[in-house]
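Asker: Encoded as structure tokens, here's the structure I'll be asking about.
The values are calculated or read from the model by the stated rules, or taken from the named source; none is laboratory data. What you see is a predicted model, and the numbers here were worked out from it, not measured in a lab. Heads up, the Cβs are rebuilt from the backbone with ideal geometry, glycines too, and the neighbour counts pull from every protein chain shown. Protein only, heavy atoms only, side chains kept; ligands, DNA and RNA dropped before computing areas. Shrake-Rupley method; radii C 1.70, N 1.55, O 1.52, S 1.80 Å.
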Amino acid sequence: RLMLGRSWPNPRAWLFFLRRIFASLLGGVSLALLLGCAPSFHNNDGQVVGLSTSLPLLWREGGDIRGELSGQVAPHWVLSVLEQDGQVLPLDTLSGASGELGLPQKGLLVLAQPRPLMPEENVALDNWVRGGGRLLLFADPMLTATSDLPLGDPRGPQWVAMLSPILTRWGIGFNFDPAQNEGEREVEIAGAAVPVNLAGRFAIGDGSNCTLYAEGIAVSCKIGNGRVLAIADAAVLDGEGAVREAALRALLQRLRL
């Protein structure tokens, strides 16, 4: 039995709790179908930052539910960095009832090791970017983060990024060399030292309006009126430290230019 006391719990913690319970009961069912749209995590009237991820950024794996409900558990540092850009809006789907991505046309979207997108989500994402949206994508072909959840648990992270349809649509190839040496190292992307581990490589086709960085570990593309900055790794989001925070801020700043 869960005792909530006489006062309402912290709104952010309550949302995390609901998401965890529904994920456990329903597996892959989108909460957007059950709850409409999720509330944002920041009280300002500025830019909206969409976040879609399979990584434990919105709540901590195996964390203390009572502590999360009381607001005693600090948010993940990634959320704290994103909140500096505006309201963080968790997205369980990229296509709502209207078939459109529910973000302002010139907003910012972070896809951090997302689950495979449905066809209608690919269409919604492509339309949104081409209309002026800015996307920061972390697509890791061999996730090196650890998880407290058993392999195959639907609440766990997506271990291998599967985004071929949308990348192909944008003229981007995605490869992985299984023979590379394992171990974290830093590469320069957007003027910052970005930690990577067993990273993939992007390739660009003829006629694409894209630029490769760090020997293909990152790619920046102009897509219609929008922009995409993609990293073929997600190690920067795993762990903590000033280097990781500085790297994420630099990547976000790159999209603002």
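Asker: Compute the distance in nm between two label points, each set 7 Å from the Cα along the Cα-to-Cβ direction, one at Glu100 and one at Glu186.
Answerer: 4.3 nm
Asker: Pop out the carbon and sulfur fraction of the accessible area of the range 101-210 as a percent, whole number, probe 1.4 Å.
Answerer: The C+S portion of the solvent-accessible surface of the range 101-210 is 52 percent.
Asker: Between Thr168 and Arg256, what length in nm is gained on full extension when 0.36 nm per residue of separation is reduced by their alpha carbon distance?
Answerer: Additional length available on full extension: 29.2 nm.
Asker: Run the quick spin-label model on Glu120 and Asp177: label points 7 Å from Cα toward the beta carbon, then report their separation in nm to one decimal.
Answerer: Result for the modelled spin labels: 4.1 nm.
Asker: Continuing with this model, one more query. What accessible area per residue comes out for the range 88-197, rounded to a whole number of Å², with a 1.4 Å probe?
Answerer: Spelled out: the 1.4 Å probe surface of the range 88-197, per residue, equals 47 Å².
Asker: Could you list which residues have their amide H under 5 Å from that of Val48, counting only those 5 or more apart in sequence or on another chain, with H placed in the peptide plane?
Answerer: Amide H neighbours of Val48, under 5 Å, 5+ apart: Gln87, Leu108.
Asker: Here is a follow-up. Based on the mean of other Cβ atoms within 10 Å per residue, sort peptides 169-180, 119-130 so the most packed one is first.
Answerer: Taking the mean over residues of other Cβ atoms within 10 Å, the ranking is 119-130, 169-180.
Asker: Shifting gears a bit: Describe numerically, in nm with one decimal, the distance between label points set 7 Å from Cα along Cα→Cβ at Arg130 and at Gln47.
Answerer: Once both label points are built, they end up 2.4 nm from each other.
Asker: If you don't mind, there's one more thing I want to ask. For the charge dipole of the range 198-247, defined by +1 on Lys and Arg C-beta atoms and -1 on Asp and Glu C-beta atoms about the Cα centroid, which residue among Gly200, Ile223, Tyr213 has the Cα displaced farthest towards the positive pole?
Answerer: So the residue furthest toward the plus end is Ile223.
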